[in-house]
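Notes for the one structure printed next.
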Amino acid sequence: MPRPLPVDLGGLALRSPIVVASGCAGTGKEVGPLLEPAGVGALVSRSITLAPRIGSAGPRVAETPSGLLWSVGLQNPGVAAFVEEELPRLVRTGVPVIVSVTGGSLEEFVAVTSRVHVAPGVVAIEAHLDRPDEELDRPSFCARPERAAEVAGAVARMSRLPVFAKLPCLLPDLGDAARSCVRAGVHGLTVAGGLPAMGVDAERGRPALGSVAGWLSGPAIRPVALRAVFDVARAVPGVPLMGGGGVTTGPEAAELLLAGAWAVQVGTATLVDPGAPARIAEGVAAYLGAHGVSSPADLRGGLRTGDGP
Amino acid sequence: MPRPLPVDLGGLALRSPIVVASGCAGTGKEVGPLLEPAGVGALVSRSITLAPRIGSAGPRVAETPSGLLWSVGLQNPGVAAFVEEELPRLVRTGVPVIVSVTGGSLEEFVAVTSRVHVAPGVVAIEAHLDRPDEELDRPSFCARPERAAEVAGAVARMSRLPVFAKLPCLLPDLGDAARSCVRAGVHGLTVAGGLPAMGVDAERGRPALGSVAGWLSGPAIRPVALRAVFDVARAVPGVPLMGGGGVTTGPEAAELLLAGAWAVQVGTATLVDPGAPARIAEGVAAYLGAHGVSSPADLRGGLRTGDGP
Amino acid sequence: MKRARAEVLSVRRLGAYHAITLVAPEIAERARPGQFISVAVPPGRAYLLRRPFWVHAASRRGGWAGTFEFAFDVRGPGTAWLARRPSHTSLDVIGPLGRAFAYPRRLRTCLLVGEGHGAAALQFLAEELRARGRRVDMLIGGATLEEVFKPIEAKRLSTNLAIVTRDGSLGDRGRVIDVLEERAARWGTEVVYAAGPRDVLRGVARFCRERRIPAQVALEERMGCGTGLCFGCAVPVARTDGTGFDHLRACVEGPVFNAARIVWDRWGGTEDAPAAPLSAG
Amino acid sequence: MKRARAEVLSVRRLGAYHAITLVAPEIAERARPGQFISVAVPPGRAYLLRRPFWVHAASRRGGWAGTFEFAFDVRGPGTAWLARRPSHTSLDVIGPLGRAFAYPRRLRTCLLVGEGHGAAALQFLAEELRARGRRVDMLIGGATLEEVFKPIEAKRLSTNLAIVTRDGSLGDRGRVIDVLEERAARWGTEVVYAAGPRDVLRGVARFCRERRIPAQVALEERMGCGTGLCFGCAVPVARTDGTGFDHLRACVEGPVFNAARIVWDRWGGTEDAPAAPLSAG
Ligand SMILES: Cc1cc2nc3c(=O)[nH]c(=O)nc-3n(C[C@H](O)[C@H](O)[C@H](O)COP(=O)(O)OP(=O)(O)OC[C@H]3O[C@@H](n4cnc5c(N)ncnc54)[C@H](O)[C@@H]3O)c2cc1C
Ligand SMILES: Cc1cc2nc3c(=O)[nH]c(=O)nc-3n(C[C@H](O)[C@H](O)[C@H](O)COP(=O)(O)OP(=O)(O)OC[C@H]3O[C@@H](n4cnc5c(N)ncnc54)[C@H](O)[C@@H]3O)c2cc1C
Ligand SMILES: Cc1cc2nc3c(=O)[nH]c(=O)nc-3n(C[C@H](O)[C@H](O)[C@H](O)COP(=O)(O)O)c2cc1C
Ligand SMILES: Cc1cc2nc3c(=O)[nH]c(=O)nc-3n(C[C@H](O)[C@H](O)[C@H](O)COP(=O)(O)O)c2cc1C
Ligand code: FES
Ligand code: FES
C-alpha cells in the first residue's frame, strides 16, 4: 500500500502532490483505470476558450532529444460544450478537477471563468497566461508582469474557487510577474509549461510541425523548470506553488519540491505512460521514507544552498 | 577531401559555416590538432571582462537529459592578460578568432572592446549581453530591448571590427531586441546561449552546481534555439546571423541554416569531441551534396513554411 | 485498452520487415483489425515516446492463444531497438488502441489495398472478413520484392490477388494506385479497405468517391500518447453538416476513418512522396 | 593527448570493480601514473559527456605492448554500459589526459594511500616508483572486501601494506585515514601520494601538512570536456603569493595537485560522506 501523501495548497487539500498537467489529461473517457486515480492529487483540464477552436494543423507532435515538441493550438470545444459534456466526465474519473481557462483578451478569460467556477466538481481554476495577447498585440500576456497580473487578478475576482496563475518557465522578470499576480489576488501560482520551440525536417526542408512554431516539454526542460520554480518560490514565499516540467520519477518530483514547489505537475510523462502520475507519487513516498521525512510539505524549499557540504 | 564551404557574413569571410561557441574553445593550448582547424570557420573566445574573475565555485557542470548544465561564472584572466597571453595562442591555432566581450556595465563592455579590437589576429567581436546589468540592477542586459541595444551600439561604435550582439534564445521580445541592436549599429547577431536553469541533487538535498543557478546547453535546447533563430531571421532579414544551441551533426546544422542562420556555433558538442566542429562541417557539405545545393548561403532561410507538402 | 508487460516469444525477419510475437492475452483477446498497439522505448534514451504498430495477427484460440503479432520496418532508433529484442525479454505494451475496421453488412466483395507495412493490418482484416463469409481480393505493393509484406500469406487469404512493386521485382511494375481502377472493375469490388502511405490512401479515397464505393482507410499520424490524452494526432474530418471540418484524434476516433470524410488537402500525414529538392528563399 | 578508436581486448570483474583492457598504442605509450583517459558514451542516449577514468596500467613493452587498462565501479548509466561492452567492440577514447604524479627526486620512502577505485591509479604509480628504486608502502581501503581494489596486486607491489575496510571484512575495520598516522610513523614515510574520495584526500592533506610531509593527491572533479576547453572542472588552489586562490582545471592543471595548495574548504568535490538527512527550511 502506498503511504498517503496529502498536501494542502493553502486550503485546497489534495490527496497527492502529483497533478496531471493541462493538455495531458484527455477528456475523461480515454484511459480509464490506467490513470490509477487513487494516486493522483488532481488533474488540470486542457485549456478552455470561450468559442470552440479546431486547433493547429498536423503534424502536431515531434520528438526531440529528451523532449516532446508539440502544438495543439488550444483545440477545445468552447466553454459551453466543455461544461456540459467534458467536465462531467472528467469529474467522474474520481480525480479532483482543476479547469484551465484561457483567452485572447481579458474579457475572454473572465467570461470563461464565469462559466466554469460554478460548475459542479471543479476544485480550482488555472489561468493559462502564456498566450498571445490579442488585445494589446503582444506575443504573450506574460511579456509584461503588469499585464499578466491584470488578467490573473480579473480571473481571481470573478472566481469563487482558488485561482492559480500559470506562468512560463522563462521570463526575464519571472519573479516580478509572480509577485504582481499575487498582489492582484491569485490564490497560487503554477510555474510550468512548454518552452517556445520549433523543429525542422532537414530532409524535406520543412518545419516539423504543421503550425511551424510549437512548445518543448519533457525531460529536456526539467533544469529550466527547476530554476523557475526555485526563483518564484523565493519571490513569493508562502504562496501555494505548483511546479512542472519534465518530471518522470519520484526523485525528480522531489527535486521540484526541494526547490520550492508545493505540488508537482506531470504532463509529457503521462502521455508516455498514463500510470506515470501514480507511479511518481509512489516514488515520492519512497523518497520521503528513505530520507525520514514525513510529508511532502516538509521537503518544500528544503534545498540546502548554504556554503560547503 | 571535404568540399570547401566558404560563407560570407556581410564581409566577414569564413572558410566554414561552423564556429566554435564561446566558452568551449579553451585557451589555445589544449586540444591542438584534435580540433582539426581546417574545417572550422572561427572560434569565439571565452567571454572576457575588464578585471580577472576567478569564476564560480564547483561543481560547475552536471549532466541533464540530453543536456549539459554549467556555470563557469565567467572565469577569465581579465582583458590585459588575455590580450597578452591567451589571445596570441588562440590566434596561433590557425582558426580565425572572434573575441567575446562582456561586463557588468556599459563602460566595462566598451573598455574591454577598446583593448581587444586592435589586437592582432582578431576578426570580429561578439558582445555577450545576457549578463546581469549591475548598473541598472536588472537580471540581464537583455531584459529590455533598448538596454541591449544601447550596450551593443556602444561596443559597435568603439570597434573597428564587425560586432555581433549575442542574444539569448528566450526573450518575449527577442525580435524587438534584434531590431534594436541592428538599429544601434551592430554588424550582426548571434542567437545562442544556455537557458537559465539549475539542478538539484535530491539524494543530498543540495543544488547540483556550486553556484546554484546555471545554464542549460546541448541537444536538449536545440528546438528552442531553432525557434529563436527563425524568429530573429524574420525580424532582421539581411543581417548576418550566427545561430547555435545543441548542434551535434551536419543535418542539425543544416536545420539552423534553413531556419535562417548564416553560420552555426557549436559549443557542447565540442566538449564531447574536439573534432566535432570539423565533422559537422563535413556533414553540412554532405547534406548540401545530397540535396544539390551549392553553398550554405543557398540554404539560408530556405525552410518551406507554406501550406501543404 | 490494457497495459501489459508482454513476453517476446519471437522476433523474425520477413523480407524487409521484422515481426514480433508477444504473449499478452488481455490484448490478444480484444484486438480487432485496424487497431494498433503502442510499445514503450527503453529508459535512458534521448527519445521518449511509445511507438505505434498495427496489430497484424491475434490468436484467441488454439496453441498460440493469448499471443499477438506486429510487423515493422526499421526506420529509426525505436524500431532498430525493437528489431534487436531477444526472445523472452519483455515489452511494455498498451493496446488494443483505436477503432477497428467496420465489417460490411450487406456488401460481399471486398478489396483490400495496401502498400508497405500497411498490408500487415489488412491481412488481419482479411482473416476476419473471410470468417464472416465475405469475398476478399487484395492489391498489395511495395518498393521492391522484399518490401511486399508476406505475399504468400496474401495469396492464401485472397480470392484475387494483385501485387505491384516500383521496380517490377515482383508482380507488375508500379504502385497500387496505378492498377486500382482496372482491378476493382475486373473484380467487381463493392467495398474498399486501405492502409499505407498518405498518397495511396488519398488515391484510394479519390477513386472510391468517384465510383461511389464505400472505403475505409487506416491511417498513420504522428502520436504523442496513442491513448487520446494529448490531441497530438489530429486528422481533419469534414463535419456532417457541411460547415467545415474538425480535428479528430487518429488514436481514439481513428485510426480507421471513412475515406470520404477526410479533408485530404489539410492532412499532412507522416509520409509522402520522396523529398522535393530544396531551394533557397 | 591522442584520440583513438580503441579495441576492447577484455572486460573483467575484479571484486566490486570492472577492468577494461584496450588496444591503443598511441595512448598506452604516453600514459603515466595519475593521468586519465575519457571514454565517449554511445549516441542516442539521454546522457552526453565522456566518462573519465584513471589509467590503471599501461604496457609499453612485451606481449601486451600498446594496451592499457582502466577499472571502475558501476555507478550510473555510463559505467553500466561500459561493464557490458563485449570484447572486440571498440571505444572512442581520448588520452592520456592531465598531469601525472611527479616522482620524488631525493626522498625514498613513499606511502600510497587510496580508497575505492583510487587505488587503481596508485598501483600504476607503485610500479613506476619501484622501477625508479623507491620503496613503496601502501595503505588501501574500501567499504567491504570486494571494494578493496586488487589486494593481491597491492601485496606484490608494496614493501609494507595495510588494508582497512569499513566493515572489517578484510584487514582492520575503519577508514584509511584512521590508521594513516600510525602507519606513516611506523614505516618512516617521507612522501605521500593519495587518490580517493574527497574526505580521504582532505584527511591526507591535513596530516601531511602537520607533519610537513610532501603530498600529492589525484582528485576527481566533475568534468565537461576533460580536455581543458570548458573550465568546468575547477579546483581552488592557493596562489603562491598568498593573495587568495585561483580555480585551476583538474583536467589539464591537475588532476594531480600538491595537497598543501588546495583550498579544501572551498572544494566541493564529487563525493563525500553519506548523505546527511534532509530537513525543511
Ligand atoms: C497507427 C499507426 C500504426 C503503425 N503501424 C505500423 C506498422 O505496423 N509497422 C510499421 O513498420 N510502422 C507502423 N507505424 C509507423 C511506426 O510507428 C514508425 O515507423 C515508428 O514509430 C518509427 O519509430 P523509430 O524510432 O524507428 O523512427 P523515428 O523516425 O526516429 O521516429 C521518430 C518519431 O516519429 C514517429 N513516427 C515516425 N514515422 C512515423 C509514421 N509513419 N507514423 C507515425 N509516426 C511516426 C515515431 O513514433 C516517433 O515518435 C504505425 C504508425 C501509426 C501511427
Ligand atoms: C580524473 C577522474 C578519474 C576517474 N577515475 C575513475 C576510475 O578509475 N574508476 C572509477 O570507477 N571512476 C573514476 N572516476 C569517476 C567516474 O568518472 C564516474 O564514476 C563515472 O563517470 C560515472 O558515470 P556514470 O554514467 O556511470 O554515472 P553518473 O553518476 O550517472 O554520471 C553522471 C555524470 O557525473 C559524472 N560523475 C559521476 N561521478 C563522478 C566522479 N566521482 N567524479 C567525476 N565525475 C563524476 C560523470 O562523468 C557524468 O558526467 C574518475 C573521475 C575523474 C574526474
Ligand atoms: C500535448 C500537450 C498539450 C498541452 N496543452 C496545454 C494546454 O492546453 N494548456 C496549458 O496550460 N498547458 C498545456 N500543456 C503544457 C503542460 O501543461 C505542461 O505545463 C508542460 O508540458 C510541461 O510539463 P511536462 O514536461 O511534464 O510535459 C500541454 C503540453 C503538452 C505536451
Ligand atoms: C562550459 C560552457 C561555457 C560557456 N561560456 C560562455 C561564455 O563565456 N560566454 C558566452 O557568451 N557563452 C558561453 N557559453 C555558451 C555557448 O557559447 C553556447 O552559446 C551555448 O552553450 C549553446 O550552444 P551548445 O548547445 O552548442 O553548447 C558557454 C557554454 C558552455 C557549455
Ligand atoms: S496521440 Fe495523443 S491524442 Fe492521439
Ligand atoms: S573538464 Fe573541461 S576544462 Fe576540465
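The values are calculated or read from the model by the stated rules, or taken from the named source; none is laboratory data. The structure displayed is predicted, hence computed values, not measured ones. Positions of Cβ are backbone-derived with ideal geometry, glycine not excepted, and every protein chain shown enters the neighbour counts.
Of the listed requirements (1) under 30 Å from residue A:300 (Cα atoms); (2) buried (at least 24 other Cβ atoms within 10 Å of the Cβ), residue B:139 misses just one: (2). Per the listing B:91, B:44, B:19, the residue uniquely under 22 Å from residue B:276 (Cα atoms), in a helix (DSSP H, G or I) and touching a strand residue (DSSP E or B) at 6+ places or on another chain (Cβ under 7 Å) is B:91.
Residue count for segment A:213-228 satisfying the condition of being touching a Ser or Thr at 6+ places or on another chain (Cβ under 6 Å) and among the hydrophobic types (A, V, I, L, M, F, W, C): 1.
Do we find a residue being β-branched (Val, Ile, Thr), more than 15 Å from residue B:48 (Cα to Cα) and at pLDDT 95 or above anywhere in segment B:147-158? Among the residues of segment B:147-158, at least one is β-branched (Val, Ile, Thr), more than 15 Å from residue B:48 (Cα to Cα) and at pLDDT 95 or above, which makes the answer yes.
If you go through segment A:253-287 and keep only what is of a type in the set (A, V, I, L, M, F, W, C), in contact with a Leu (Cβ under 7 Å, 6 or more places away or on another chain) and over 21 Å from residue A:167 (Cβ atoms), you end up with A:254, A:271, A:272, A:281, A:284, A:285. Taking into account only those residues within segment B:230-247 that are surrounded by 24 or more Cβ atoms within 10 Å (Cβ to Cβ) and at the interface with chain A (Cβ under 9 Å from one of its Cβ atoms), which is farthest from residue B:267 (Cα to Cα)? Per the criteria, the residue is B:230. Among the residues making up segment D:104-115, those that are of a type outside the set (A, V, I, L, M, F, W, C) and either surrounded by 24 or more Cβ atoms within 10 Å (Cβ to Cβ) or modelled with pLDDT of 95 or more (or both) are D:114, D:115. So which residues in segment A:4-51 are under 21 Å from residue A:71 (Cα atoms) and among the basic types (Lys, Arg), if there are any at all? Correct list: A:46 only. Within the option set A:263, A:192, A:208, being within 16 Å of ligand 1 (Cβ to nearest atom) and touching a residue at least 60 places away in the same chain (Cβ under 8 Å) holds for one residue only, A:208. Scan segment A:118-165 for residues that are within 14 Å of chain B (Cβ to nearest Cβ) and either among the basic types (Lys, Arg) or farther than 11 Å from residue A:184 by Cβ (or both) and the total you get is 15.
Scanning segment A:192-209 turns up one or more residues that are within 18 Å of residue A:9 (Cα to Cα) and either within 16 Å of the chain's Cα centre (by Cα) or at pLDDT 95 or above (or both). Quick check on my filter: what residues within segment B:221-247 are more than 20 Å from residue B:10 (Cα to Cα) and of a type outside the set (D, E, K, R)? Within segment B:221-247, B:221, B:223, B:224, B:225, B:226, B:228, B:245, B:246, B:247 qualify. Within segment B:96-115, being buried (at least 24 other Cβ atoms within 10 Å of the Cβ) and either at pLDDT below 95 or part of a helix (DSSP H, G or I) (or both) holds for B:109, B:112, B:113.
Applying the selection to segment D:221-246, what residues are on the phi > 0 side of the Ramachandran plot and away from ligand 2 (no atom under 12 Å from the Cβ)? Matches in segment D:221-246: D:228, D:231, D:242, D:244.
Of all the criteria given as (1) more than 23 Å from residue C:51 (Cα to Cα); (2) facing another protein chain (nearest Cβ under 8 Å); (3) among the hydrophobic types (A, V, I, L, M, F, W, C), the one not satisfied by residue A:284 is (2).
In the set C:198, C:212, only one residue is more than 18 Å from the chain's Cα centre (by Cα) and either surrounded by fewer than 22 Cβ atoms within 10 Å (Cβ to Cβ) or closer than 21 Å to residue C:247 by Cα (or both); that residue is C:212. Go through the residues of segment C:5-28 one by one and say whether even a single one is in a strand (DSSP E or B) and within 14 Å of chain A (Cβ to nearest Cβ). Yes, segment C:5-28 contains at least one residue that is in a strand (DSSP E or B) and within 14 Å of chain A (Cβ to nearest Cβ). Is it the case, given these coordinates, that residue D:179 is crowded, with 23+ Cβ neighbours inside 10 Å, aliphatic (A, V, I, L, M) and farther than 28 Å from residue B:47 by Cβ? It is false that residue D:179 is crowded, with 23+ Cβ neighbours inside 10 Å, aliphatic (A, V, I, L, M) and farther than 28 Å from residue B:47 by Cβ. If the condition is being within 16 Å of ligand 2 (Cβ to nearest atom) and part of a strand (DSSP E or B), then segment B:70-88 contributes only B:70. Going residue by residue through segment D:210-220, is there one that turns out to be within 14 Å of chain B (Cβ to nearest Cβ), of a type outside the set (A, V, I, L, M) and either in a helix (DSSP H, G or I) or within 16 Å of ligand 2 (Cβ to nearest atom) (or both)? Yes, there is a match, as at least one residue in segment D:210-220 is within 14 Å of chain B (Cβ to nearest Cβ), of a type outside the set (A, V, I, L, M) and either in a helix (DSSP H, G or I) or within 16 Å of ligand 2 (Cβ to nearest atom) (or both).
Any residue in segment A:45-54 that is surrounded by fewer than 20 Cβ atoms within 10 Å (Cβ to Cβ), more than 12 Å from chain C (Cβ to nearest Cβ) and modelled with pLDDT of 95 or more? Yes, the conditions are met somewhere in segment A:45-54. Taking the conditions (1) surrounded by 21 or more Cβ atoms within 10 Å (Cβ to Cβ); (2) under 30 Å from residue A:200 (Cβ atoms); (3) out of contact with any helix residue (DSSP H, G or I) (no Cβ under 9 Å at 6 or more places or on another chain); (4) not hydroxyl-bearing (Ser, Thr, Tyr) in turn, residue A:65 satisfies each one other than (3). The single condition from (1) outside any loop (DSSP other than H, G, I, E, B); (2) within 14 Å of ligand 4 (Cβ to nearest atom) that residue B:58 fails is (1).
Within the set B:172, B:168, the sole residue that is in contact with a strand residue (DSSP E or B) (Cβ under 9 Å, 6 or more places away or on another chain) and free of Cβ contacts under 8 Å to residues at least 24 places away in the same chain turns out to be B:172. Of all residue pairs spaced 6 or more apart or on separate chains, those with beta-carbon atoms under 7 Å, a first member in segment C:47-69 that is within 14 Å of chain A (Cβ to nearest Cβ) and a second member that is more than 16 Å from ligand 3 (Cβ to nearest atom) and hydroxyl-bearing (Ser, Thr, Tyr) are C:51/C:79. In segment A:201-212, of all residues being within 8 Å of chain B (Cβ to nearest Cβ) and in contact with a Ser or Thr (Cβ under 7 Å, 6 or more places away or on another chain), the one that is surrounded by the fewest Cβ atoms within 10 Å (Cβ to Cβ) corresponds to A:212.
Sort out which residues of segment A:175-200 are at the interface with another protein chain (Cβ under 9 Å from one of its Cβ atoms) and more than 16 Å from residue A:221 (Cα to Cα), and write them in order of number. Listed by number, the residues that qualify are A:175, A:200.
Applying the condition of being in a strand (DSSP E or B) and either within 11 Å of chain A (Cβ to nearest Cβ) or more than 21 Å from residue C:203 (Cα to Cα) (or both) to segment C:236-262 and asking which residue is nearest to ligand 3 (Cβ to nearest atom) yields C:249.
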